[in-house]
Amino acid sequence: MNGVVLSDLGNRLVVDVDGDEVSCVVRKSLRRDKRRKAVVVGDRVTIERSGDGAAIVAVEERHNSISRRAPGNKHREQIIVANLDAVLVVASAKSPDLVPGIIDRFLVAAESREVEPAIAINKIDLDPDAGYQGVADVYRGLGYTVLETSATEGTGVQDARDFLAGKTTAMLGHSGVGKSALANALDHALELRIGEVHKGTGLGMHTTSHVSLLRLPWGGYLVDTPGIREFGLWRMDLSEVRFRFREIEARQGDCRFNDCLHEREPDCAVKQAVDAGEIAGWRYESYQRILASLRDAAS
Ligand code: GDP
Ligand code: ZN
């Protein structure tokens, strides 16, 4: 039987097999490397049942993985979720105000992981003049899917379900933008389940990945994570950031210097495009702020 690992309880893993949650151990032959977990949340696995137990006997190759520094050992990476397909960056039109700079940080992180990003602008009921449209248009112009939702009124919720269908998606965004409300609007059962696994294992943070997947009834999984730091920009190279802004990446070859960081260099095609209004000024500011924060983190 095949399934997807939903959560890691330390000595057992919960595997989704067509909607059934099966508690599994990992077969010994898979546990050869003591320093690395053989099986992580998000893995596609083959299981064998025997008697009243079940064991994971094979793991499919991962198409990507999101990792963090292992607790207690800064130099070791720990995978927190494998096979992430998409990221839904949630922001709110009002209260809190729309801050595109925050969206951009998550987009850069998503682009560097080669997962499909989309943006949900929530709480549109609080902004009847649709003041968020200018920002939405810029993102759409760059090729991003932008959903306009109201979790409380149900607007756009079906679009969100359609986006999530068949994928493993992490919902990222600052607190208060309506992620839980949106999850609840997607499916009432989801909100109740969010956080359940973390509570159930108490402070098992050092032994488990403390991330779990929630199965969506219409296909796909939502990543339930208590924090968003894991999806941050740690260890990104300064020189990588320009390739994660689509409109900057597109002009990378047009500057006088081919290693141009588009800051104070002469004959910079990116700055010229900003002056000409072809690149939104606030996107360029986001880019500069990300460089500044990476320099801070490195010093
Ligand atoms: P989270 O921290 O991102 O999970 O945000 P919550 O889901 O807890 O929502 C924060 C607050 O915003 C709550 O009081 C929600 O009721 C409210 N909220 C969430 N979505 C909407 C929405 O679409 N419209 C309005 N008016 N309020 C919302
Ligand atoms: Zn340049």
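Mind listing just one residue for me: the one in the stretch 245-277 that is touching a residue at least 24 places away in the same chain (Cβ under 8 Å) and either among the acidic types (Asp, Glu) or on the phi > 0 side of the Ramachandran plot (or both) and, of those, nearest to ligand 2 (Cβ to nearest atom)? That would be His262. Where helices (runs of 4 or more DSSP H) sit wholly within the stretch 91-201, those with at least 1 residues that are within 9 Å of ligand 1 (Cβ to nearest atom) and either open to solvent by less than 40 Å² (accessible area, probe 1.4 Å) or at pLDDT 95 or above (or both) occupy 179-186.
Across the stretch 251-280, the qualifying residues are those that are basic (Lys, Arg) and in a loop (DSSP other than H, G, I, E, B), and the one among them that is farthest from Leu291 (Cα to Cα) is Arg256.
Considering the conditions (1) within 16 Å of ligand 1 (Cβ to nearest atom); (2) basic (Lys, Arg); (3) within 17 Å of Val39 (Cβ to Cβ), Arg62 is excluded by exactly one of them, (1).
The values are calculated or read from the model by the stated rules, or taken from the named source; none is laboratory data. Just so it is clear, the model here is predicted, and its values are computed rather than measured. So basically every Cβ, Gly included, is an ideal-geometry build from the backbone, and we count neighbours across all protein chains shown. Surface accessibility is based on the protein's heavy atoms, side chains included, excluding ligands, DNA and RNA. Shrake-Rupley method; radii C 1.70, N 1.55, O 1.52, S 1.80 Å.
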